[in-house]
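All remarks here apply to the structure that follows.
We did not get these values from a lab; they are worked out from the coordinates using the rules stated. All values derive from a computational prediction rather than experimental measurement. Here Cβ is always computed from backbone atoms with ideal geometry, including for glycine, and neighbour counts include all displayed protein chains.
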Amino acid sequence: MINAYEEILDFITSAPTLIQIVEFEHSMETLTRVNYLEQLEEVKNIHEDELYELKEFRKSAYFVEQLKIRAKRRLEHW
């Protein structure tokens, strides 16, 4: 299973265009995993490693959103 961080690294190193950055979405596998971790967190039944993974996903999701914002700005100025 690829984690969200690795998924983003793979995406960025594929040299995406600005449009591809704007259109980037996490895989269904990643989203399913995150949903599962969020459910564990909600019921307070999450292991330390799983909580770390969830926090890293949230950080990476924020990073991707910032990339998208900047890519959109650049596209607007073309």
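Taking every residue in the range 21-39 that is over 24 Å from residue 69 (Cα atoms) and pairing it with any residue that is among the acidic types (Asp, Glu) and surrounded by 12 or more Cβ atoms within 10 Å (Cβ to Cβ), at least 6 positions away or on another chain, the pairs with Cβ-Cβ distances below 7 Å are 37/50; 37/53. Looking only at residues of the range 9-23 that are touching a Leu at 6+ places or on another chain (Cβ under 9 Å) and crowded, with 16+ Cβ neighbours inside 10 Å, we find that the one that is nearest to residue 77 (Cα to Cα) is 18. Residues in the range 1-20 that are β-branched (Val, Ile, Thr), more than 22 Å from residue 55 (Cα to Cα) and part of a helix (DSSP H, G or I): 19 only. Checking each residue in the range 29-78 for being aliphatic (A, V, I, L, M), surrounded by fewer than 13 Cβ atoms within 10 Å (Cβ to Cβ) and in a helix (DSSP H, G or I) picks out only 69.
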